[in-house]
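Everything below concerns the one structure shown next.
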Amino acid sequence: SGSDSVWKGNMEAERKAFREGRYLEAVNYAQAAVKDAEAFGPQDPRLATSLHNAGELYTRLERYDEAERFLQRALSIREKTLENAETARTICAMARLNHGRGNRDKAERLYRQSLAIREKVLGRDHPDVAESLSGLAGVLSLKRIDEAERLARRSLSVREKALGENHPDVAESLSRLV
């Protein structure tokens with residue numbers, strides 16, 4: 001534990017398991033990557049990345065308490081550089097977690113925060129901006145349909161331009177718009 005090559009190996013195995021839909025196996029690799037990254041120091045960006053990934057996996061598995069613990073820890077490391085893409089990525093993950101829990105008001109606030117950072121850092125037409133737009137549209141879909149539709153259309157437009165019409169994220173934006 002603690003060597004960069006071991007950490008990278010666990011990260012790659014986690015990504016592969018995730019892409020193949022083997023989420024429980026991916027969680028095991030994510031936990032191993034967190035353990036490896038702990039040796040790099042409490043503020044190391046590799047630790048934040050490992051914590052973030054584990055949090056995303058636990059959210060996907062609807063294990064929200066565990067997800068929140070990992071994501072909060074990742075955010076505490078990343079918040080030192082508030083206006084960067086990785087911080088916005090973790091804020092967006094926290095928004096997804098809160099949306100999954102049914103906490104729409106907190107999810108909306110977090111999606112708006114991630115959107116503002118991403119637009120400033122990455123530009124208005126970046127696929128990560130579309131992710132924040134789509135999530136925000138989903139949160140607003142039951143209470144402010146006009147704004148939700150506008151956000152979903154913008155997300156779709158950004159993703160089509162950046163990723164092409166046949167990308168799975170474009171399908172997600174289309175689904176959100178419907």
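The values are calculated or read from the model by the stated rules, or taken from the named source; none is laboratory data. Computed from a predicted structure; not experimentally measured. FYI the Cβ positions are ideal-geometry reconstructions off the backbone, even for glycines, and counts take in every protein chain you see. For the accessible areas, the whole protein counts, side chains as well, though only heavy atoms, and no ligand, DNA or RNA atoms are used. Shrake-Rupley method; radii C 1.70, N 1.55, O 1.52, S 1.80 Å.
Of note:
- Listed residue (PRO45, ASN28, GLY138) projecting farthest to the positive dipole end of region 23-147, Cβ model: GLY138
- Measuring between their Cα centroids, region 44-80 and region 102-141 lie 18 Å from each other.
- Ordering of 20-27, 124-131, 64-71 by packing [mean C-beta count within 10 Å, highest first]: 124-131, 64-71, 20-27
- Loop sites in region 138-175: GluC sites (Glu not before Pro), DSSP, at most 11 other Cβ within 10 Å: GLU165
- For the chain, the solvent-accessible area with a 1.4 angstrom probe is 51 square angstrom per residue.
- Only Lys, Arg, Asp and Glu carry charge here, each on its Cβ (+1 for the first two, -1 for the last two); on that basis the chain has a dipole of about 380 debye about its Cα centre.
- Distance between the 7 Å Cα→Cβ label points at VAL178 and GLU25: 3.0 nm.
- Measuring nothing but how far apart in sequence close Cα pairs (under 8 Å, 6+ apart) lie, relative to its length, the chain scores a relative contact order of 12 percent.
- Across the accessible surface of region 91-157, with the other protein chains kept in place and a 1.4 Å probe, carbon and sulfur atoms take up 49 percent.
- Links that overshoot a 25 Å alpha carbon limit, given the list LYS16/LYS106; LYS35/LYS80; LYS106/LYS143; LYS80/LYS120: LYS16/LYS106
- Between region 155-175 and region 1-40, the alpha-carbon center distance in angstrom: 29
- Calculated FRET value between ALA171 and ASN84, using beta carbons and R₀ = 35 Å, to 0.05: 0.75
- Shown for the chain are the DSSP H helices of 15 Å or more along their axis, judged by Cα atoms, with a mean Kyte-Doolittle hydropathy of at least 0.5: 127-140.
- Relative contact order of region 48-109, taken over Cα pairs closer than 8 Å and 6 or more residues apart, is 30 percent.
- In the chain, helices alone account for a calculated mean residue ellipticity at 222 nm of -26500 deg cm²/dmol, with every DSSP H run of four or more residues adding -39,500 (n - 2.57).
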